[in-house]
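The values are calculated or read from the model by the stated rules, or taken from the named source; none is laboratory data. Small disclaimer: the values here were computed from a predicted structure and weren't measured. Cβ placement follows ideal geometry from the backbone for every residue including glycine, while neighbour counts extend to all protein chains displayed. Surface areas here come from the heavy atoms of the whole protein model, side chains and all, with no ligands, DNA or RNA. Shrake-Rupley method; radii C 1.70, N 1.55, O 1.52, S 1.80 Å.
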Amino acid sequence: MLNKRADLHIHSFFSDGTFSPEKITKLAAQKGLSAIAITDHDCIDAIGPSLEIANKRGPLEVVPGVELSCEIDGCEVHMLGYFIDYKDNNLIKALKSLVDMRNSRMFKMLKNLTGLGMDLSIDDVKKIKSEGTYGRLHLAALLLNKGYVRSIQEAFDKFLGFGKPCYVSGDRISPTEAIAMIINAGGAAVLGHPYSVNKDEYIPGFVKAGLAGIEAYHTDHPEPVVNRYKKIAEQFGLIITGGSDCHGAGKGRALIGNITVPYEVVEELRCRKVR
Ligand code: AMP
Ligand code: ZN
Ligand code: FE
Ligand code: FE
């Protein structure tokens, strides 16, 4: 029971991570974690297989999760959902429309890139990605493979990052809609890596909409930032969560288990579960 830890932010190859549920659960067990959450972008396909593996193998606990891409006033916000009912029909339907949006956005981004003279096609994307949801990290990998950039980061800095020439926002839902979607699916909504938005003035509105927690601990949060969000969490009575945001080898080295929170956080999130 002593010092049980959880990494509550991990991507699988169903979104833009490179690891299978099998590999993630194996690595998590090797790192001595007690619980993990797989939180794919707008996608819950990894949950069933991960739960099955965890049930068979134990004692690792898998928390059903998701990371919804949202937009408010042109800013990109990521809303995490924990303990969602991944078999909920309304959730499945809503995610399907987000995936459709992602697919049409992929074509628009490809058009922007080919407009700059690059030789790229949807078949190239499909070669590196066959299951689940497409995202910018796949395009960044493609640009790297084809020699148009020297690193994944350069692809974002020059072309794909927010406001860069080939950026396409797509029709994203609002954070308030994302919170409602998570609550309606029985889960707890947590504001993901709030420092990437760096606009704390939005937080009271999210709390009003039913936000349950805030991801204070994250790979991209230096210590003063962690402390800032812990303070905000205390102020609004939010659960303090955290995770590595591991993308497998998708962003360089695997981060799984590098950022963890005490297992009690899993219990706190479970208490917010609606069904
Ligand atoms: P998408 O789901 O297509 O919006 O892409 C999201 C992915 O792109 C996530 O893995 C983000 O961490 C990554 N990403 C977004 N903006 C940047 C950036 N400026 N630099 C590096 N990665 C980024
Ligand atoms: Zn990602
Ligand atoms: Fe995110
Ligand atoms: Fe993430």
With 0.36 nm assigned to each residue of separation and the Cα-Cα distance removed, Glu22 to Asn258 gains 83.1 nm
Measure of exposure for Asp220: accessible area at 1.4 Å probe, Å² rounded to 10, is 100 Å²
Asserting the computed 222 nm helical MRE of the chain (DSSP H runs at least 4 long, -39500 (n - 2.57) per run, divided by residue count, to nearest 500) equals -12000 deg cm²/dmol
Diffusion coefficient in µm²/s returned for segment 1-70 by Stokes-Einstein, Kirkwood Rh over C-alpha pairs, 4 °C and 1.567 mPa s, is 109 µm²/s
Rounded to a whole %, the carbon-and-sulfur portion of the accessible area of the chain at a 1.4 Å probe is 52 percent
Of the listed pairs Lys158/Lys230; Lys129/Lys199; Lys23/Lys96; Lys26/Lys251; Lys23/Lys108; Lys26/Lys127, those with alpha carbons more than 24 Å apart are Lys158/Lys230; Lys129/Lys199; Lys23/Lys96; Lys23/Lys108; Lys26/Lys127
Per residue, the convex hull enclosing the Cα atoms of segment 55-179 spans a volume in Å³ of 139 Å³
Most packed first (mean Cβ within 10 Å per residue), the peptides 65-71, 247-253 order as 65-71, 247-253
For Lys87, counting only aspartates and glutamates whose alpha-carbon sits under 20 Å away and dropping same-chain residues fewer than eight positions off, the answer is Asp40, Asp42, Asp45, Glu52, Glu61, Glu67, Asp100, Glu131, Glu177
Over segment 158-205, with neighbouring protein chains present, the accessible area per residue in Å² at probe 1.4 Å is 41 Å²
Hull volume per residue for segment 1-129, using the convex hull of the C-alpha atoms, in Å³ is 141 Å³
Within the under-12-Å Cβ sphere about Ser15, not counting Ser15, Lys/Arg +1 and Asp/Glu -1 give a net charge of -4
With every protein chain kept in place and a 1.4 Å probe, segment 229-275 has an accessible area per residue in Å² of 50 Å²
With segment 169-264 reduced to its Cα atoms and the Debye formula applied, log10 I(q)/I(0) at q = 0.22 1/Å amounts to -1.21
Projected convex hull area of the chain, Cα atoms, direction-averaged, in nm², equals 13.8 nm²
Candidate cut points under trypsin sites (Lys or Arg not before Pro) in segment 41-116, DSSP loop plus at most 15 other Cβ atoms within 10 Å of their own Cβ, are Lys87
With Arg228 itself left out, Lys, Arg at +1 and Asp, Glu at -1 over residues whose Cβ is under 15 Å from its Cβ give -3
